[in-house]
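Student: This structure is in structure tokens; I'll ask about it shortly.
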Amino acid sequence: MMAATNSEATVVQAEGSQDSVKSQAQLAQNEELLHACAVGDLDDIGQLIKAGAESFYQRDSDGKSCLMAAAENGHLDAVQLLLQEGAPWNAVDRSARCAGEYAVSEGYQDIVDALVDAGVRAELLFYRMHVNSPPPAPKYLNKPVRYQGDDLLDEEDRGVMMLWEKPLMDVHAQLMCQTHGDVLNVGFGLGLIDTAIQSHLPRTHTIIEAHPGVLAKMRKDGWMDKPNVRVVEGRWQDVLEQLGTFDAIFFDTFDDVLYMQEFHQVLPRLLRPDGLYSFFNGICTENVFFQGVACQVVKLQLEELGFDTEFHTIEVDSGDDATWKDVAFRYFSGSAYYLPMITWHQDTAADQPTASAERQ
Ligand SMILES: C[S@@+](CC[C@H](N)C(=O)[O-])C[C@H]1O[C@@H](n2cnc3c(N)ncnc32)[C@H](O)[C@@H]1O
């Protein structure tokens, strides 16, 4: 028994040392690849990868990847070769910087474009692969929320909606109400956008809200009794079909972001020909490069549905540490907000149902 155990241990040890020899060799090869990427030596990069060097390698000390090394030093061909060889466009180093940010900070626009393209292609592919398997139902709607100070928080102290967003909601509302038509807002939260919409006197104002705690607050504050306001209680996924069409639509829910693409699929049935659609754009704000890719992905997805998307940059102050002190994590960073404005593409608008047809 002892002997067997010992011999097994010896074998394991022998395998272990082979492993470590192998991993030393692999490491050396990977380090060579990292160097070849930094100097942009395409021949070496190709040969090293063929010989087993890993295109996805990231140095342990700082997390720098082969793609980052090539991007930082302006080697477009090397970047393209690495992407072809499966290097992930979205890996981050130990400071949470991705290859795209290395290229941005060194001013290599051609490389930024190549990395955005790679990111967009990968993300679109991901969506297509998952189109028939919707994300798990969010649990948020079954858990309590609380209005605390100026903000709305959920049970896990996540910020459902915060007062610092008010200037953004004011701009969104102003744009939505330019024609004083029929407006739809999905997600009440603090009612910031709805309060602003009311001040612009729209013809009608429909609000969809699903959370019982938020609905109770709306009831208490008199939202159910306002003359031109229709509050539709329930998840937008369950109630949209009964609502008709609108001149302006705003989408801002919570714990539901993965469903936005699903909402966009029904948008053609909701938005009138001259209508305007927008949403709260809080996607990937912690990383300007990922945010750029995400915006481009949404734009392409909406384009497939017949819409044009423009992003307007607005300066925003999302507050200091004191603003976020009671909140589990900061869901928005940076000082730029890319406000999306989505309209029917000219060729497709003519095919859409008109408001008057809707009212007949
Ligand atoms: C970020 S807040 C909206 C904030 C709002 N724009 C404002 O100006 O205060 C999100 C709201 O969407 C609601 N919500 C989340 N999922 C929903 C769903 N599937 N259908 C309808 N409302 C939903 C939440 O209960 C919450 O009130």
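The values are calculated or read from the model by the stated rules, or taken from the named source; none is laboratory data. Note that the coordinates shown come from a computational prediction; the quantities given were computed from them, not determined experimentally. Note that each Cβ is placed from the backbone with ideal geometry, even for glycine, and that neighbours are counted across all protein chains shown. Each accessible area value is taken on the protein alone, full model and side chains, heavy atoms only, with ligands, DNA and RNA left out. Shrake-Rupley method; radii C 1.70, N 1.55, O 1.52, S 1.80 Å.
Student: Of these, Lys166, Lys217, Lys226, which one is open to solvent by 10 Å² or more (accessible area, probe 1.4 Å), within 13 Å of the ligand (Cβ to nearest atom), in the same structural domain as Tyr331 (by TED's automatic domain parsing) and more than 16 Å from Leu141 (Cβ to Cβ)? Show your work before the answer.
Tutor: On the way: Lys217 fails: more than 16 Å from Leu141 (Cβ to Cβ); Lys226 fails: within 13 Å of the ligand (Cβ to nearest atom).
Going through Lys166, Lys217, Lys226 in turn, the sole match is Lys166.
Student: So Cys98 clears everything in (1) crowded, with 19+ Cβ neighbours inside 10 Å; (2) within 23 Å of the chain's Cα centre (by Cα); (3) under 30 Å from Ser199 (Cβ atoms) except one condition, right? Which one?
Tutor: Every listed condition holds for Cys98 apart from (3).
Student: Given (1) open to solvent by 60 Å² or more (accessible area, probe 1.4 Å); (2) under 30 Å from Leu215 (Cβ atoms), where does Val145 come up short, assuming only one miss?
Tutor: Tallying (1) open to solvent by 60 Å² or more (accessible area, probe 1.4 Å); (2) under 30 Å from Leu215 (Cβ atoms), Val145 fails exactly one: (1).
Student: Within the stretch 169-188, how many residues are within 9 Å of the ligand (Cβ to nearest atom) and polar (S, T, N, Q)?
Tutor: Going residue by residue through the stretch 169-188, those that are within 9 Å of the ligand (Cβ to nearest atom) are 169, 172-173, 185-188.
In the following step, the residues that additionally are polar (S, T, N, Q) were identified as 185.
Of the residues in the stretch 169-188, 1 are within 9 Å of the ligand (Cβ to nearest atom) and polar (S, T, N, Q).
Student: Specify the residue that is surrounded by the most Cβ atoms within 10 Å (Cβ to Cβ); the eligible residues are those in the stretch 260-297 that are among the small types (Gly, Ala, Ser) and farther than 20 Å from Ala118 by Cβ. Give the steps one after another, and end with the answer.
Tutor: Here is the first cut: in the stretch 260-297, the residues among the small types (Gly, Ala, Ser) are 275, 278, 282, 292, 294.
Those still in the list that are farther than 20 Å from Ala118 by Cβ too: 275, 278, 282.
On the way: Gly275: 25, Ser278: 21, Gly282: 15.
Once the filter is applied, the top-ranked residue is Gly275.
Student: May I pose another question? Scanning for something modelled with pLDDT of 95 or more, within 26 Å of the chain's Cα centre (by Cα) and surrounded by fewer than 18 Cβ atoms within 10 Å (Cβ to Cβ), does the stretch 181-190 turn up at least one residue?
Tutor: No: the stretch 181-190 contains no residue that is modelled with pLDDT of 95 or more, within 26 Å of the chain's Cα centre (by Cα) and surrounded by fewer than 18 Cβ atoms within 10 Å (Cβ to Cβ).
Student: When the residues of the stretch 229-259 are filtered to those that are of a type in the set (Gly, Ala, Ser) and either more than 9 Å from the ligand (Cβ to nearest atom) or touching a helix residue (DSSP H, G or I) at 6+ places or on another chain (Cβ under 9 Å) (or both), which remaining residue is most open to solvent (accessible area, probe 1.4 Å)?
Tutor: Of the residues in the stretch 229-259, the ones of a type in the set (Gly, Ala, Ser) are 234, 244, 248.
Okay, now just the ones that are also either more than 9 Å from the ligand (Cβ to nearest atom) or touching a helix residue (DSSP H, G or I) at 6+ places or on another chain (Cβ under 9 Å) (or both), so 244, 248.
Numbers: Gly244: 21, Ala248: 0 Å².
It comes out as Gly244.
Student: Looking at the stretch 310-320, is at least one residue in contact (Cβ under 8 Å) with a residue 60 or more places away in the chain, more than 21 Å from Leu168 (Cα to Cα), buried (at least 17 other Cβ atoms within 10 Å of the Cβ) and out of contact with any Pro (no Cβ under 6 Å at 6 or more places or on another chain)?
Tutor: Step one: list which residues in the stretch 310-320 are in contact (Cβ under 8 Å) with a residue 60 or more places away in the chain, which gives 314, 316-319.
Imposing the further condition that a residue be more than 21 Å from Leu168 (Cα to Cα) reduces the set to none.
No, the stretch 310-320 contains no residue that is in contact (Cβ under 8 Å) with a residue 60 or more places away in the chain, more than 21 Å from Leu168 (Cα to Cα), buried (at least 17 other Cβ atoms within 10 Å of the Cβ) and out of contact with any Pro (no Cβ under 6 Å at 6 or more places or on another chain).
Student: With respect to Ala118, determine if the residue is open to solvent by 10 Å² or more (accessible area, probe 1.4 Å) and not basic (Lys, Arg). Reasoning before the result, please.
Tutor: On the way: open to solvent by 10 Å² or more (accessible area, probe 1.4 Å): yes; not basic (Lys, Arg): yes.
Taking the combined requirement at face value, the residue satisfies it.
Student: Would you confirm whether any residue within the stretch 162-171 is at pLDDT 95 or above and in contact with a Ser or Thr (Cβ under 6 Å, 6 or more places away or on another chain)?
Tutor: Within the stretch 162-171, one or more residues are at pLDDT 95 or above and in contact with a Ser or Thr (Cβ under 6 Å, 6 or more places away or on another chain).
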